[in-house]
1. As an exercise, identify the GluC sites (Glu not before Pro) in region 144-214 lying in DSSP coil whose Cβ has no more than 16 other Cβ atoms within 10 Å.
2. Under the 0.36 nm per residue contour assumption, what length would be gained going from the current alpha-carbon distance of ASN315 and LEU116 to full extension?
3. Let me check against my output: what whole-number percent is the relative contact order of region 194-288, with C-alpha pairs under 8 Å and at least 6 apart?
4. Taking amide H positions as placed in the peptide plane 1.01 Å from N, state which residues far from ASN40 in sequence (5 or more) or on other chains have amide H under 5 Å from it.
5. To two decimal places, what compactness ratio does region 3-328 give when its Cα radius of gyration is scaled by 2.2 N^0.38 Å?
6. Can you run phi through the Karplus equation (6.51, -1.76, 1.60; θ = phi - 60°) for region 252-259 and list ³J(HN,Hα) in whole Hz, with x for Gly and Pro?
7. Among bridges DSSP assigns within the chain, what percent are antiparallel (round to 5)?
8. Structure shown: which of LYS21/LYS267; LYS267/LYS295; LYS97/LYS258; LYS97/LYS181; LYS97/LYS229; LYS97/LYS146 lie over 23 Å apart, alpha-carbon to alpha-carbon?
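Taken together, the values in this text are just the output of simple stated rules run on the coordinates, not laboratory data. What you see is a predicted model; the values in this text were computed from it and never measured. Here the Cβ positions follow ideal geometry from the backbone for every residue, glycine too, while neighbour counts run over all protein chains shown.
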Amino acid sequence: MNRLQSALRDIRGYPTLRAAKRLFDRKPLQCSLYVTDQCNLDCAYCTEYDNSRPHPSLVDLTRWLTRIRDLGTVRVALVGGEPLMHPDIVEIVRRAKQLGLSTSLTTNGFLLTRSLVEGLEEAGLEVMQISVDRMTPSQVTRKSFKTVLPKLDVLADSSINVHITGVLCDDTMSESRAVLKTGLDRGVPTEVRLVHADPNRQFRVEPGERDRLETFLLWMRQAKEAGVKIHTNDAILNYQLSLVRGEQVDWVCAAGFKIFFVSAQGKFWLCSMRHTDQDIMDVTPAHLLANDGPKSCQDGCGVYCCVNTSMLYQNPVRMIGREVRLRLKRIPAPAPQSAPRGAEGM
């Protein structure tokens, strides 16, 4: 894949013109749809899997996708659980694309095969996020890069826009820099993000020492500024630094309005932490508009897709302009810089 093809793949799945309208109107930009609650792994920090629940049917998922589209949504993120466990995942992607939705999928990557990648690509999948936390598994997380690494070869010639995302906490910190370097050395945009608390604002794992977390986040920001393919945008890097430092951040949550979630039972959720019992089929534009405003839970929020969408909605020109400038530095992308003093061994 040449440099131009690589650059085009990196922006695939982001319908710029359609999405731009959503930054200035009263319709949603994105929905995360849980296609299953089941997962093949059992990571200690995760609150989003339940293997006792059956997969939702393709008929129900198609109904929900249609409603999501009819509400004005531009993009749908297929999440879980582990989406690849659903036996109809390729057809789910196909249905989403037939409805005109830009489509992404988040996976731990363990179940990827060449034939499945080809099926997802043919069905129209545009973006794949692979979750990797450590180079080797631990009691906290099973998401090992050494296990998933061969899957990158399967994806190498695919048109699917691939990026890697890991969780930064005390358990993963010693290997997080190796995760970043491994992904970046293969030309894959990569990031690690601070672990977030559960719905009761309790951490299920030890988050890590403040000074080490801050040093690591500063290194990622420095590397991104130099043109390295750090996938996190600048606004979220700065937001995470503020969380670590205990600083107040001036933002207003748009979850349930510009971005919302639909559970594997078809329930409307404001985000992965704020649930309701309302059926998505009963949700109207007025229901979404009612969530346009500050929320009691937004201070310290770690649902970064919601934070990012909210900040983008409130400051689109500034956020997009800065990200475009930083992405232009990727051509050609330099090798990752050495970590600053204090980040060695991370």
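1. On the way: sites: GLU175, GLU191, GLU209, GLU214; in loops: GLU209.
In loop regions of region 144-214 (DSSP not H, G, I, E or B), the sparsely surrounded GluC sites (Glu not before Pro) are GLU209.
2. This chain segment gains 67.8 nm when fully extended.
3. Details: 71 pairs, mean separation 16.9, N = 95.
Relative contact order comes out at 18 percent.
4. GLU82
5. Working: Rg = 18.4 Å, N = 326, 2.2 N^0.38 = 19.8 Å.
For region 3-328, the normalised Cα radius of gyration comes out at 0.93.
6. 10, 5, 10, 5, x, 10, 7, 9
7. 10
8. Checking Cα-Cα distances, LYS21/LYS267; LYS97/LYS181; LYS97/LYS229; LYS97/LYS146 exceed 23 Å.
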